[in-house]
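A quick write-up on the structure given underneath.
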Amino acid sequence: MKYEIVIGLEVHAELKTNSKIFCGCSTHFGAEQNTNVCPVCLGLPGSLPVLNQRAVEFAIRAGLALNCEIAEFSKFDRKNYYYPDLPKDYQISQYDLPVCKNGYLDIEVNGETKRIGITRIHLEEDAGKLVHPQTITTSNYAYVDYNRTGVPLVEIVSEPDIRTPEEARAYLTKLRSILEYCDVSDCKMEEGSLRCDANISLRPAGADYFGTKAELKNMNSFKAVQKGLEYEAMRQEDVLADGGAIRQETRTWDEARGVTLSMRSKEQAHDYRYFPDPDLVPLLISREQVEEVRTSLPELPDARKDRLVEQDGLSSYDAEVITASRAVADYYDAVKKLVDDPKTIANWIMGDMMKQLNTRGLSITASPVTPVHLAEMIQLLNKGTISGKIAKNVFEEMFVSGKKPAEIVKEQGLVQISDESAIIAIVEQVIAANPQSVADFRAGKEKAIGFLVGQVMKQSKGRANPEMVNKLLKERL
Amino acid sequence: MKLYEYTAHQLHTMLTEKKVSARELAESTLQRVRNLDENIKGYVTVTAEQALAQAKAVDEKIARGEEIAPLAGIPMAIKDNICTTGIKTTCSSKILANFVPPYDATVMQKLQAADGVLIGKTNLDEFAMGSSTENSAFFTTSNPWDLERVPGGSSGGSAAVVAADEAVWALGSDTGGSIRQPAAYCGVVGLKPTYGRVSRYGLIAYASSLDQIGPLTKDVTDCAFVLKAISGHDPKDSTSVNSAAPDYTKALVNDVKGLRIGVPREFFVAGMDEEVRAAVMAGIEALVRQGAVAEEVSLPHTDYAMPAYYVIAPAEASSNLARYDGVSYGYRGEGDDIVAMYKRTRTEGFGAEVKRRILLGTYALSSGYYDAYYLKALKVRTLVKQDYDRAFEKYDVLITPTAPSAAFKIGEKSADPIELYLQDVCTIPINLAGIPGISLPCGYTRSGLPIGMQIIGQAFSEETLLRVAYTFEQNTDFRRKPSLKGV
Ligand SMILES: [Zn+2]
């Protein structure tokens, strides 16, 4: 039988508010353990939560960017469970009245656009972090770092509209891009500011019911999500093919072994005993506030991509790559303001810039090559002051030294030789020194000219204007 | 008269007129505690050193000619479920027996700023769950009117130390009657403010939607002074009402002419102690003689209040008390793994009544039972509240007994929790409705035990309650000192 995969994703994103969701403690990542804490986030007896309105604003922003309805009346509930990283042994979350619901985002897979529904977005507080003195299995005790306790999170729950692990990855990429654009989350999976759980089930292709699902946890990168889902789909298919039944359970992705393992079954599932938190009052969101947030929303990735295609004439692919990250798109726009050459800018960003950033593990905002520098370099290139080949060297030098391109060109004497007499001198030298190639060309071997051009460029240390070299060589052969 | 016998407002005048120093006052009260408290057992912790230091600071202010707050230099006692920086705050529970908060409750901050002199922290039923202090993990407090009797609860320690002059006034907390019922049993004045009037920040929660801090005092005037000092909006408590508190002392007016009193018939049921009924009826008569008008009224959902309370309060408690898990503070029982540690901690750390309520509440919130219990109880709560809304369309105040009987003997009711729960039958509906209630002495039984009368008003009508209580106090003679029988 042919099966169809059904996937729904639950994404937790930390909101980048300055302070925690229910107290005034800093959310700064990387502070010394247990220093960003107070009686409230430590859950000390008698302490009470007070909602950080910035967190609400951020959730509304994310909701609007994801085409959600924003609730007029929302509330907070307690999710009760015992875990040492949860100081109150309940998490303040939202149960039946989330801040946002009924949204969607569009993904592109294999050139086709697909709409993935978003069921809901709710606000909640993050838990702390267990720190084991050795590995998790060899430690017989653990420490708790409460710095992260109370950092605001949104949980974004998708509809079960995703059909392949690849689509799941595309959804996450797009979601991250949107959250980044509206500046609500850093979305760093490695710092834990973005986390993803997946629900996956199989059903006979074309069926209108859902199969029994497994919940998949502990996938620490987008790639891991895709791999985990691929493995789990395969596993479930094997079970079904053998005539077995899928158990409703929670499974964990074991990255090292590349398999999913059972964590707990439905019978062992928690009863969270949700009930409205009596320490907090209902959250009322005025339509004025929603409109205020709406007008403050930046241009989102889809709109920006369309602009780059329609106004700047970039290919759909290039525009997609440039707009995937707001920082990259902002960089592109900054360069374009200085030099109106979209295609060249896009090529430099997608090529040399990305390569340099990736090898150094930098984000574009930390690039030593500023938009001004790149724009100047492109101008030098367009004026013919430097050749394309030289430009690559100049770019690398700019990246290493942070110097301005004109300065590098001047210091290293990289100005392109466009003086005809100077080039003629070299051309004649090369012709004299390579009689065999000259003979080959004259005998009709067109390719031989490439060697001769190369020799001229070499002698000129790459500075000779390649077009002139070609022209002058041909004239003399 | 000994210094410790005076009221706060009398002592304030004596302090400002330099007839007495704060130090003398603190020493006198501390001496009283040393003489009496091994019998009364009202205090869990006595903070003598701190008290003397605070008294010294007040004396210096007076010496410098600075103006002092009405409660400055006056010895006070604080229920041991209100957080005090650097001073153990135990909730009379083994699980918090060594817990020293690193912060002050908002009411404590206000009282520190007002230069109150802290004599100590008072005993309560563990986590404020009970009506007699018999559920304290440490000891049972005795009623100063008869040491063999309970002082009521859960703020039994606070009521007893005020009655026995071991403090001039005290703070309690009231979730289902925990200020008013011990005030009635001990013959003092106790006020549960409107929910949201006094900040709960730093009050160790029993049932968050019902808990409220309030004063226990020797007279109504002191009650107004203390309420004034502790109430007001607190940005740290989201359920605190965002409006300034009025000057309650201005409500101390001897006048109830035209006051409309409703007397809810459901509170005078068969089985109620006849002496209590008669004393409260006589109390109402006394107000009528001052020009008030009284008539019977019905609050039809009264009978359902107690069952609803015993779903809602335990449900909230089951979640509020989850944090006592042995992980980062409080008592820890040893265990081979985290679950064993949790179990051991909570098995050994909590007493029977706390466990009973945690179980009740956990059950009521469990999936499959939520609608039948918790949600139903919330609906009943709404109906109870509507009873009162309707009644206050017609009446300024309602008057009832505070408790169905006077103080009972220690051990008398401990075998049957339901029997004990019934002690709060007159006070619980007030918490469910979120409205204020004050209890003050209105008579004595033949065996000499005080009887409490409860005056109930609509939300934020504390001024009316104080005016009625003050008028009653001015025109009757029920403010008496306990016999200290058995000391
Ligand atoms: Zn904090």
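No lab work stands behind these numbers, since they all come straight from the coordinates. Owing to the predicted nature of the structure, the values given are computational and were not obtained by experimental measurement. Note that we place each Cβ from the backbone using ideal geometry, even for glycine, and neighbour counts take in every protein chain shown.
Mean residue ellipticity at 222 nm, helices only, chain B: -11500 deg cm²/dmol; runs of at least 4 DSSP H residues each add -39,500 (n - 2.57), and the sum is divided by the number of residues.
Across the range B:3-258, the volume of the C-alpha convex hull divided among the residues equals 125 Å³ per residue. Expressed per residue, the C-alpha convex hull volume of the range A:349-477 stands at 116 Å³. Dimensions of the range A:1-57 from C-alpha coordinates, computed as largest minus smallest value along each principal axis and given longest first, are 58, 26, 24 Å. For the pair the range A:117-163 and the range B:82-102, the centres of their Cα atoms are 31 angstrom apart.
With neighbour counts taken as other beta-carbon atoms within 10 Å, the residues B:V384, B:V168, B:V253, B:V161 rank, fewest first, as B:V253, B:V384, B:V168, B:V161. All other residues whose Cβ lies under 13 angstrom from that of B:D416 are scored, Lys and Arg at +1 and Asp and Glu at -1, for a net of -2.
Taking Cβ atoms as reference points and 13 Å as the exclusive limit, the residues near A:E159 contribute a net charge of +2, counting Lys and Arg as +1 and Asp and Glu as -1. The antiparallel fraction among DSSP beta bridges confined to chain B stands at about 65%.
Stretched out straight at 0.36 nm per residue, the stretch from A:K458 to A:E72 would grow longer than its current Cα-Cα span by 131.9 nm. For the range B:293-364, the set of trypsin sites (Lys or Arg not before Pro) satisfying both a DSSP loop assignment and a count of at most 11 other C-beta atoms within 10 Å is empty.
Among the GluC sites (Glu not before Pro) within the range B:20-73, those in coil by DSSP and having at most 11 neighbouring Cβ atoms inside 10 Å are B:E66, B:E67. Across chain A, the longest run free of exposed loop sites, meaning trypsin sites (Lys or Arg not before Pro) lying outside DSSP classes H, G, I, E and B with no more than 10 other Cβ atoms within 10 Å, spans A:3-256. For the range A:401-448 and the range B:168-241, what is the separation of their C-alpha centers, rounded to whole Å? Using only Cα atoms, the two centres lie 93 Å from each other. Here's the list of aspartates and glutamates a cross-link from B:K228 could span, going by alpha-carbon distance under 13 Å and ignoring same-chain residues fewer than 8 apart: B:D247, B:E462, B:E463. Computed with the Debye formula from one identical point scatterer per Cα of the range A:420-476, without solvent, the log10 of I(q)/I(0) at q = 0.14, 0.30 Å⁻¹ comes to -0.30, -1.35.
Across all directions, the average flat footprint of the convex hull enclosing the Cα atoms of the range A:299-412 is 6.6 nm². Global dimensions of chain B from alpha-carbon coordinates: Rg and Dmax equal 21.1, 70 Å. Taking other residues whose beta carbon is less than 11 angstrom from the beta carbon of B:Q454, and scoring Lys, Arg as +1 and Asp, Glu as -1, yields +2. The order of B:H301, A:H270, going from fewest to most other C-beta atoms within 10 Å of their C-beta, is A:H270, B:H301.
Remark: B:D37, B:D165 ranked as B:D37, B:D165, counting other beta-carbon atoms within 10 Å and listing the fewest first.
The Cα atoms of the range B:98-159 define a convex hull whose projected area, averaged across directions, is 5.1 nm².
Considering all C-alpha pairs of the range A:265-327, those separated by over 13 Å amount to 75%. Looking at the protein assembly as shown, the DSSP beta bridges with both ends there are about 80 percent antiparallel. Approximating the spin labels as points 7 Å out from Cα along Cα→Cβ, the A:N110-to-A:M354 distance works out to 2.2 nm. Per-peptide packing, taken as the mean over residues of other Cβ atoms within 10 Å, places B:478-484, B:217-223, A:346-352 in the sequence B:217-223, A:346-352, B:478-484 from highest down.
Modelled spin labels at A:H132 and A:S401, positioned 7 Å past Cα toward Cβ, are 5.0 nm from each other.
Taking every Cα-Cα distance in the protein assembly as shown and sorting them into 10 Å bins from zero, the calculated P(r) comes out as 2, 10, 16, 17, 14, 11, 10, 7, 5, 3, 2, 1, 1, 0 percent. Annotation for the range B:113-138 versus the range A:339-388: alpha-carbon center distance of 71 Å.
FRET efficiency for the B:A113 to A:Q412 pair, using the beta carbon distance and R₀ = 56 Å, is estimated at 0.20. Please list, by residue number, every one of the chymotrypsin sites (Phe, Trp or Tyr not before Pro) in the range A:88-151 that is coil in DSSP and has at most 12 other beta-carbon atoms within 10 Å. Listed in order of number, the matching sites are A:Y141. In this simple spin-label model, placing a label point 7 Å from the Cα along the Cα-to-Cβ direction at both A:S315 and B:K394 gives a separation of 8.5 nm.
Work the Kirkwood hydrodynamic radius out for the range B:303-379: mean of 1/r over every pair of different alpha-carbon atoms, inverted, in Å. This gives a value of 13.3 Å.
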